[in-house]
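Read through the structure below, which is laid out as structure tokens, and then see the notes.
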Amino acid sequence: QVHLVESGGGLVQPGGSLRLSCAASESIFSINVMGWYRQAPGKQRELVASITSGGTTTYVESVKGRFTISRANARNTVYLQMNSLKPEDTAVYYCNIHGLGYDFWGQGTQVTVSS
């Protein structure tokens, strides 16, 4: 069973930055989609950003221009650089890697944006 290990969450002031990382515990077939989701209290989980193995990215409208998703295939790792953070970005962030026949999730990392 592949495990996804997330890191980089924490408490940051509005306007600050954080970088989330998510590494798979073992090699995964490289043709897949990697993504970050988030879930705030009382809200549904939403897709924040995704990146295909070919490098095509998508973002939810609310983070465009502030967040950047990237991946390092050789390390089976996906990143989320978050800049200009706002209180409404506060949520538990989950990474996801899915492809043909598999769908893996991380355990979640808390991001809190507050002064």
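Charge dipole (Cα centre; +1 on Lys/Arg Cβ, -1 on Asp/Glu Cβ; no other charges) of the chain amounts to roughly 200 debye.
Between Ala74 and His3, what FRET efficiency comes out of the Förster formula 1/(1 + (r/R0)^6) with R0 = 22 Å and r the beta carbon distance, rounded to 0.05? Could the numbers behind the result be given before it?
Details: r = 18 Å, r/R0 = 0.84.
Taking R0 as 22 Å, the efficiency between His3 and Ala74 is 0.75.
With 5 Å bins beginning at zero, the pair-distance distribution over Cα atoms of the chain amounts to 2, 13, 24, 26, 19, 10, 5, 1, 0 %.
Here the Karplus relation 6.51 cos²θ - 1.76 cosθ + 1.60, evaluated at θ = phi - 60°, turns the backbone of the stretch 45-62 into coupling constants of 5, 10, 6, 8, 7, 9, 9, 7, 5, x, x, 6, 10, 9, 9, 5, 3, 5 Hz, with x for every Gly and Pro.
Within a Cβ distance under 11 Å of Gln81, other residues only, what is the Lys/Arg minus Asp/Glu net charge?
My count for the surroundings of Gln81 gives +2.
The share of accessible area on the stretch 1-41 that comes from carbon and sulfur is 55 percent, using a 1.4 angstrom probe.
Taking 0.36 nm per residue of sequence separation and removing the Cα-Cα distance, the Gln44/Arg19 pair yields an extension gain of 6.7 nm. Taking 0.36 nm per residue of sequence separation and removing the Cα-Cα distance, the Ser84/Leu11 pair yields an extension gain of 24.9 nm.
What does the charge count around Ser114 come to, taking other residues whose C-beta lies under 15 Å from its C-beta (Lys +1, Arg +1, Asp -1, Glu -1)?
Numbers: positive: Lys86; negative: Glu88, Asp89.
With Lys, Arg at +1 and Asp, Glu at -1, the net is -1.
Entry comment: accessible area of the stretch 47-115 is 48 Å² per residue, from protein heavy atoms only and a probe of 1.4 Å.
The values are calculated or read from the model by the stated rules, or taken from the named source; none is laboratory data. Computed from a prediction, not measured in an experiment: that's the story for all the values here. All Cβ positions, even for glycine, are placed from backbone atoms using ideal geometry, and neighbour counts span all protein chains on display. Each accessible area value is taken on the protein alone, full model and side chains, heavy atoms only, with ligands, DNA and RNA left out. Shrake-Rupley method; radii C 1.70, N 1.55, O 1.52, S 1.80 Å.
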